[in-house]
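S.K.: Below is the structure I would like to discuss, written out as structure tokens.
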Amino acid sequence: MVRLYKKHIPLKNHNNIFLGLIFLLMTVPTQIAHSQQQRFPKPEFQTEYQIPETERPNPRAPFMEYLDLFLLLAVLSLTTWLVLKKRSRKWILWVSVFSLLYFGFYRNGCICSVGSLQNLTLSLFNEGYSVSFTVLAFFVVPLLFALAVGRVFCASACPLGIIQDLVIVKPIKLSPWLQKSLGLFPFIYLGLAVLYAATGTDFIICRFDPFVGIFRMGAEFHMIVLGISFLLIGMFVARPYCRFVCPYGALLKICSLNSKYHLSITPKDCINCKLCKDSCPFDAIDFPTDEKENRASRKDFWKFVFYAALIPVLMFVGGWAVSGSYKLLSSAHPDVYLANLLVSQPELMQNTENLDIETFMSSGKTLEILVEEAKIIQEKFRFGGWFLGAFIGLVIALHLLNQVIFRKRSIYEANRGDCFSCGRCMDYCPVGKPEHPFFKDKPEMVVKS
Amino acid sequence: MLNLDFEQQMNETEKIKRARQIAIIAGVFTAFVGVLLLLNYLQIKKSDPLNSLVLEKLVERLSSEPNNQHFVEEIRQVDLLMRKAYFTSLWQVRTGAYLMLFGAIVLVLSLRVYYSLRFAIDQPSADQIKEKKKRQLTQRWIGFSGALVIILAIMSAFFTMNHLKNYEPKKMLVHSKSDDESIEKVEIVSIRTTEKETDTVIITESTDVEVKQPEVAITQQPKVVVFNEETVKKNHNAFRGSWGNAVSSSTNLPTSWDGATGKNILWKTELPIHGYNSPVIWNEKLFLSSANTSKRVVYCYDRNSGKLLWEREVNNIQGSPATQPKTTEDTGLAAPTLTVDGEKAFAIFGNGDIIAFDLNGNRVWAINLGVPDNHYGHSSSLLTWEKKLFIQYDTHKGSKVMALSTETGKTIWETVRTNEVSWASPILAKIDGKFQLIMLANPNLSGYDITTGKQLWSVDCMSGEVGPSPVYGGGLVYATNEYARMVAVNPKTGEKVWEDNYYLPEVSSPAYHNGYIYIATTFAVVACFEATTGKLLWEFEAKNSFYSSPMIAEGKVWVFDTGGKAYIFESGGESKLISSPELGEKVFSTPVFADGRVYIRGIKHLFCIGVN
């Protein structure tokens, strides 16, 4: 019974019926074995053998950090040129393969723009914590590029996105209602990540990074399961993590929506041939609008007013609700967790098997002090919960509002928020390409009626 | 032209076929490797050497027979085999994982080729669902999703229990006391009925107990235990009794017993793990420790019944070494005796672990002092006074004395010493109305201020590997060591009063009583000296050598030889052996006295001796 409270035994919790299936498909045991190997105790030698000192690797040299930054800038600049000028999907693909190998497998998924969001947040809320210039640059540079030319970072620099991109086999189209509903989650995740980082609780983006375990060939069991699940789903639902989870993607989306320059499907004037219509595996192509149908009605106007009025209401209700849920949210903080555990079950203070309790007991700190500290943390969550809830309310309201705003569109064009600038659609456009393969080499396969 | 088209068509068909075949082969291969990995993983889990029952049993058997080299060799062999098997499995898993990764990459690539070859652009068609209807549906689902998030947040707000909100330290105090209700009852009853001399152990209502809860206060009155000179004198809270001065205030002690027939043996209990330390007592509880290479344990017994009240394994201490330091068989890892301050019991082990438990077995704090570099093993016992825990930490890599806070384990002061490694224990002596911490090592006998840790005096008077602890009495400090000398030093002046080297103990420490010094040597001699002059007054040849130290109780000198035979002398300038009862078990520890009873730790059992 006591072992249930042990925080460091996640493996058994996942020994369920899915275990076998998942093991058939990927390299999970390696990761588990790897983690077990690290905690394997030294033999109890009873001889004169001197156990050598544990060697610790030196921190990464500053030069190498700047090399990372240089490569990020180079990759983003090159991709920008490939997207806007060269218009070559093939070269974007090869650049992305390089990034996967370098930022993913060589750099083990770290340094990472996605996770840097948390470092930056913690440095803002904790005076004792600071971030290096490289971390700051990794956070800011992709956003600046998104603001200028769209999400080129997602296309060819983010190893998390690229590994999903490469496993796309037969993407299926998702209904807009499903996409938009699931599209709320990255914003909620973003808010939670900021709250947890600001309170010094945890870096949840890193903790639940599904792919870093694959890059490092080592992670906790549930994370490997999560990573494999995303890749399996990603064979048919393209880039599921990027579209429905990634919190940094939410920021990039906002920036990209306001980008000055952006990928265009057609290099000149769109001839509305519709060939690109189904080319995007991410359903990020907006179609020409039907003038007659999309004419705003009086009903639409009142809906707009209603949703606009709903913004402050939802922000308040969201703030109130999430602030009230501080007990649940704060329980992820190790001090709050331990204090709750020991107050609810004081007999566990005698438990010598629980590492957390053992550590606390040997620290000399009293339960009273621990509880006081936990209460302070809970207050932070209660306060921060108002901002998080208001943010969630705002996101819901704006998503609703966006559905009653009609924009005229006469051509097929990439949705600036959702488009990853991967360039697939460009290959489908026959404009300016007399040698277009679908017309020239395989005329019989162009149209399947 | 037609033929060319046909050939091209055939090539495409052939490629699709090949891609499909490769995908199937890669899929089967990946699945097959996956099954093997799964089986290997289960095998690793099953044969986890960290939780090997075989190894555990072998270690248990070794602890009962620590000198059995066959067990040692067997454990090494089994351990090596298990490690080899474990790491081989890891290698297999890693290799298999790379094979599987390769298979998965081929599978994904072949599937991509397969689908891309079969790909054709569908004829663009008009959307079946109108844009407005799509938007309406989307609004509905966004609304549902948003509502779901907010409802979940509200539900968590109402249904999540916040234990901290109702936390009251006072209630927790009462609650934690109630965990050991039966033990407390025994303690209160026995104090009032049998322990006449413990009047000063004040039992009062704690101010922490809430007046609104009379039912709790009546049944479980928390006690305030006064830790002062009077209570320390009436308990046996350290190695060689109060302040380590080898004197007990107990009376009505039995002078005859027989371990073989059970005469006057009130109870005896088997000790699960061996240790050389002596028991200590506070009121009705008796504490001792044991250790082997796999675990270190503190035990608490009811000294009236011999019932084990609690045992606590000493582990999970930051900085504690994974590999235990090498010690000799006659020292081990649990040679130092514990000490008690009336509220907490403190134990130190040969690996540098030091731990505090409250008297109910709740761990209060624990630290590691760093593994002592000591070729026999650390054996210096603990002492406590004025909320400080004193540790003599003389090692090859430097010597020091330190005082830790009994409340938190944090260092209050620490003083570097210039002597060599030693095995002696500190004592406390009241000199000019103030307690001093006195320690012996090679080459000096020194006194320290217990408040600041400042060295007050030091006399270079000793040599060799110092095992016996000093003793204070009659205004002088007495120190001795085999192959060196016995000296009497005036701690006020640092003057050496006398010196002799006729009889010298190796392990056993001297005792002082009414102007006489008593020693027990490894050569099986008990000797008495005049304390003021060092003149040998009498000597007695015993059956076996002495490791146990002589104690003074009820005007008598009590000492056990290593064969388990006790020698009880009348204290004085003439040799008067009162009795020499046999325990029937080897003894290396020093006896403890309380309430007309003698407690002694044998090599395997703990004995309580009293009048039946």
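S.K.: Name, by its number, the condition in (1) at pLDDT 85 or above; (2) within 7 Å of chain A (Cβ to nearest Cβ) that does not hold for residue B:130.
M.R.: (1)
S.K.: Any residue in segment A:342-363 that's farther than 23 Å from residue B:407 by Cβ: show its pairings with residues that are among the β-branched types (Val, Ile, Thr) at Cβ separation under 6 Å, as long as the two are six or more apart or on different chains.
M.R.: A:353/A:2
S.K.: Also, I was wondering about something else. Within segment A:271-293, which residues are aliphatic (A, V, I, L, M), in a loop (DSSP other than H, G, I, E, B) and away from every other protein chain (no Cβ under 11 Å)?
M.R.: A:271, A:284, listed by residue number.
S.K.: Return yes when residue B:43 is more than 9 Å from chain A (Cβ to nearest Cβ) and modelled with pLDDT of 80 or more and no when it is not.
M.R.: Working: more than 9 Å from chain A (Cβ to nearest Cβ): yes; modelled with pLDDT of 80 or more: no.
It is false that residue B:43 is more than 9 Å from chain A (Cβ to nearest Cβ) and modelled with pLDDT of 80 or more.
S.K.: Continuing with this model, one more query. Just name the residue that is farthest from residue B:133 (Cα to Cα) out of those in segment A:384-429 that are assigned to a helix (DSSP H, G or I) and of a type in the set (D, E, K, R).
M.R.: A:427
S.K.: Condition first: buried (at least 24 other Cβ atoms within 10 Å of the Cβ), assigned to a strand (DSSP E or B) and not aliphatic (A, V, I, L, M). Can you find one or more residues in segment B:254-276 that meet it?
M.R.: no
S.K.: Need pairs with beta-carbon distance below 7 Å; first residue over 18 Å from residue B:81 (Cβ atoms) and within segment B:31-49, second surrounded by fewer than 19 Cβ atoms within 10 Å (Cβ to Cβ) and at pLDDT 80 or above; sequence gap 6+ or separate chains.
M.R.: Close Cβ pairs satisfying both conditions: B:33/B:99.
S.K.: So in segment B:282-328, with the set limited to residues that are more than 11 Å from the chain's Cα centre (by Cα) and of a type in the set (Phe, Trp, Tyr), which one is nearest to residue B:234 (Cα to Cα)?
M.R.: B:282
S.K.: Condition first: touching an Asp or Glu at 6+ places or on another chain (Cβ under 8 Å), within 25 Å of residue B:155 (Cβ to Cβ) and either modelled with pLDDT under 90 or more than 7 Å from every other protein chain (Cβ to nearest Cβ) (or both). Can you find one or more residues in segment A:376-386 that meet it?
M.R.: Checked segment A:376-386: at least one residue is touching an Asp or Glu at 6+ places or on another chain (Cβ under 8 Å), within 25 Å of residue B:155 (Cβ to Cβ) and either modelled with pLDDT under 90 or more than 7 Å from every other protein chain (Cβ to nearest Cβ) (or both).
For every residue, the table says whether it meets (1) charged (D, E, K, R); (2) more than 10 Å from chain B (Cβ to nearest Cβ).
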site	(1), (2)
A:300	yes, no
A:304	no, yes
A:311	no, yes
A:318	no, no
A:325	no, no
A:343	no, no
A:350	no, no
A:355	no, no
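S.K.: How many residues are touching a strand residue (DSSP E or B) at 6+ places or on another chain (Cβ under 8 Å) and more than 8 Å from chain B (Cβ to nearest Cβ) when one looks only at segment A:358-375?
M.R.: Count: 0.
S.K.: Is it the case, given these coordinates, that residue B:370 is within 13 Å of chain A (Cβ to nearest Cβ) and either at pLDDT 90 or above or on the phi > 0 side of the Ramachandran plot (or both)?
M.R.: no
S.K.: A further question on this structure: Could you please tell me which pairs satisfy a Cβ distance under 8 Å, a separation of 6+ or placement on different chains, a first residue in segment A:398-410 that is within 10 Å of another protein chain (Cβ to nearest Cβ), and a second residue that is buried (at least 16 other Cβ atoms within 10 Å of the Cβ) and basic (Lys, Arg)?
M.R.: A:399/A:180; A:403/A:180; A:403/B:135; A:404/A:303; A:404/B:135
S.K.: In this structure, is residue B:246 at positive phi and either crowded, with 18+ Cβ neighbours inside 10 Å or out of contact with any helix residue (DSSP H, G or I) (no Cβ under 6 Å at 6 or more places or on another chain) (or both)?
M.R.: Numbers: at positive phi: yes; either crowded, with 18+ Cβ neighbours inside 10 Å or out of contact with any helix residue (DSSP H, G or I) (no Cβ under 6 Å at 6 or more places or on another chain) (or both): yes.
Judged against the criteria, residue B:246 is a match.
S.K.: Pick from B:89, B:63: which is more than 29 Å from residue B:331 (Cβ to Cβ) and assigned to a helix (DSSP H, G or I)?
M.R.: Selected residue: B:89, the only one of B:89, B:63 that is more than 29 Å from residue B:331 (Cβ to Cβ) and assigned to a helix (DSSP H, G or I).
Conditions (1) in contact with a Leu (Cβ under 6 Å, 6 or more places away or on another chain); (2) polar (S, T, N, Q); (3) in contact (Cβ under 8 Å) with a residue 24 or more places away in the chain; (4) not in a strand (DSSP E or B), marked per residue:
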position	(1), (2), (3), (4)
B:336	no, no, yes, yes
B:350	yes, no, yes, yes
B:356	no, no, yes, no
B:372	no, no, yes, yes
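S.K.: Determine, yes or no, whether residue A:35 is of a type in the set (Gly, Ala, Ser) and modelled with pLDDT under 65.
M.R.: So residue A:35 fits the description; yes.
S.K.: While we're on this one: Select the helices (runs of 4 or more DSSP H) contained entirely in segment A:166-240, then report the ones holding at least 3 residues which are in the same structural domain as residue A:326 (by TED's automatic domain parsing) and touching a Cys at 6+ places or on another chain (Cβ under 9 Å).
M.R.: none
S.K.: Please list, ordered by first then second residue, the pairs with beta carbon atoms under 8 Å, 6 or more apart or interchain, first in segment A:93-118 and surrounded by fewer than 18 Cβ atoms within 10 Å (Cβ to Cβ), second at pLDDT below 90 and of a type in the set (D, E, K, R).
M.R.: Pairs that qualify, where the first residue is surrounded by fewer than 18 Cβ atoms within 10 Å (Cβ to Cβ) and the partner is at pLDDT below 90 and of a type in the set (D, E, K, R), are A:108/A:216.
S.K.: State whether one or more residues within segment A:347-367 are over 19 Å from residue B:366 (Cα atoms), at pLDDT 80 or above and crowded, with 17+ Cβ neighbours inside 10 Å.
M.R.: No, there is no match, as no residue in segment A:347-367 is over 19 Å from residue B:366 (Cα atoms), at pLDDT 80 or above and crowded, with 17+ Cβ neighbours inside 10 Å.
S.K.: Only residues that are within 11 Å of another protein chain (Cβ to nearest Cβ) and touching a residue at least 12 places away in the same chain (Cβ under 8 Å): list them for segment A:177-191, please.
M.R.: A:179, A:180, A:182, A:183, A:184, A:185, A:187, A:188, A:191
S.K.: Looking only at segment A:393-444, which residues are at positive phi and modelled with pLDDT under 90? Show your work before the answer.
M.R.: Of all residues in segment A:393-444, those at positive phi come to A:421, A:423, A:432.
Once the filter is applied, which keeps residues that are at positive phi and modelled with pLDDT under 90, segment A:393-444 yields only A:432.
S.K.: Please go through segment B:327-376 and give me each residue that is aromatic (Phe, Trp, Tyr) and surrounded by 24 or more Cβ atoms within 10 Å (Cβ to Cβ), ordered by number.
M.R.: B:346, B:349, B:357
The values are calculated or read from the model by the stated rules, or taken from the named source; none is laboratory data. Being a predicted model, the structure only gives us computed values, none of them experimental. Positions of Cβ are generated from backbone atoms using ideal geometry, with glycine treated the same way; all protein chains shown enter the neighbour counts.
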